[in-house]
C-alpha cells in the first residue's frame, strides 16, 4: 500500500511534536494486519487516526487532550459547527466558516495581523472565562478549549504551571481549513472502534490494554529536545528509564511495537536510549528524514539538527512499498 500525503488526515488538535509530516515514513513499517493497536502518548491522535486498524486505543496522560478527543468522538460535525457558531457569536468572535468575511471591507483586518484585531477582546474574555471554570472536562469546557486553540497563536495548546490556558490571540478563526480538519477527523472516528484513555504508561490500566493488543506505537516526549506542552517539565531521565523497562517487557512478551524518538540533537545524545539500544541484538533502528526547522515553539531550535529515529523488533518488520 503506497502512502500518499494527500490521503492523510490532520488532527484538529495542533499538538506539539505531532508526526503528520513524517507519517509517510513511519506508517510503512506498521503491521499490515492488526486487530487492536495501542497509540501510546497519542497527543492529538495523528498517528492512530491515519491507520486502517479497526480497533484503536488512544492513551495519553494529558487530561485536556483526552477529554477533547472524547468530545470530538461523540459529537456530530453539524452539531459541532452549530456550537462553535453560537459560542463565537456570544463572545463577538469572527467565524468565517459560518459567517464569511469580506476582508477588503472588514475594519480591523490586515494582511500582517489577520483577524487578530477583530478577535482580540473576545478571545481574552473567552480565555478568562475558560480559566475560571471549575470543571475543565465538561462538553462546554471542551468546546471552549477547542475555540481557544483555533483562535490562538499558531493554534497551539499550552497551559501554565497553575493550569491556566495561556496562549495569546492569533490571526485565524474557525475557517474552512479548521472545519475540514474537524469534519475529516470526526468522520474517520466513526469508522473505527476507538477508546480514549487518560493514563500514564506506568499505570496498570495501560498494561491491561497493552496485553490485549497486537501492536503498540509509542511517541513519548523526547528527553533531549525542548518542546513543551505546558510550563511544567513532564519528562525526565527517570521517565526515560521507566519507558525502556516498559519496552523490555514488550520484548519479553513478544509484542510488536514501534518507538519514535530522537537519539541525538547537535552535540546532545540521548544516552539512556542509545546505551539501551546498542545492547540489543533483536532490534533495529530506522533513521527518519525530517527536521523540525519550521517549528515555532522555540526559535532557537530551528537551525538544530535532530537525528529522529524509529526502533522496532527485527523479526516483526512489515515494510510496505519500501525499496
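In terms of the Cα gyration tensor, with a ≥ b ≥ c the square roots of its eigenvalues, is region 133-183 rounded because a/c is under 1.5, prolate because a/b exceeds b/c, or oblate? Judged from the Cα gyration tensor, region 133-183 comes out oblate (a/c at least 1.5, b/c at or above a/b).
Kindly express, to the nearest 10 degrees and within the range 0 to 90, the angle between helix 63-74's C-alpha long axis and the longest C-alpha principal axis of the chain. Around 80 degrees separate the two axes. Just check region 75-178 against the gyration tensor rule for me: Cα atoms, a ≥ b ≥ c as the square roots of the eigenvalues, rounded for a/c under 1.5, and otherwise prolate or oblate depending on whether a/b exceeds b/c. Taking the square roots of the gyration eigenvalues as a ≥ b ≥ c, region 75-178 is oblate. The mean sequence separation of alpha-carbon pairs under 8 Å and at least six residues apart, normalised by the residue count of region 38-136, gives a relative contact order of 18 percent.
Using just its DSSP H runs of length 4 or more, each adding -39500 (n - 2.57), the chain gives a mean residue ellipticity at 222 nm of -10500 deg cm²/dmol after division by all residues. Of 26, 186, the sequence from fewest to most neighbouring Cβ atoms within 10 angstrom is 186, 26.
Oblate is the label for region 54-95, because a/c, from the alpha-carbon gyration tensor with a ≥ b ≥ c as root eigenvalues, is 1.5 or above and a/b does not exceed b/c.
Taking every C-alpha pair closer than 8 Å and separated by at least 6 residues, the mean separation divided by the residue count of the chain gives a relative contact order of 23 percent.
Between the Cα long axis of helix 176-190 and the first principal axis of the chain there is an angle of about 50°, rounded to the nearest 10. Labels on offer are [x] 22.5, 89; [y] 20.4, 66; [z] 24.7, 83, and the one holding Rg and Dmax of the Cα atoms in Å computed from this structure is [y].
Measuring r between the beta carbons of residue 166 and residue 281 and using R0 = 45 Å, the FRET efficiency lands at 0.45. Could you tell me how many degrees, from 0 to 90 and to the nearest 10, lie between the Cα long axis of helix 116-132 and the main elongation axis, the longest principal axis, of the Cα atoms of the chain? Rounded to the nearest ten degrees, it is 70.
No lab work stands behind these numbers, since they all come straight from the coordinates. All figures in this text were calculated on a predicted structure; none of them were measured in a lab. With ideal geometry, Cβ positions are generated from the backbone for all residues, glycine too; neighbour counts draw on all protein chains shown.
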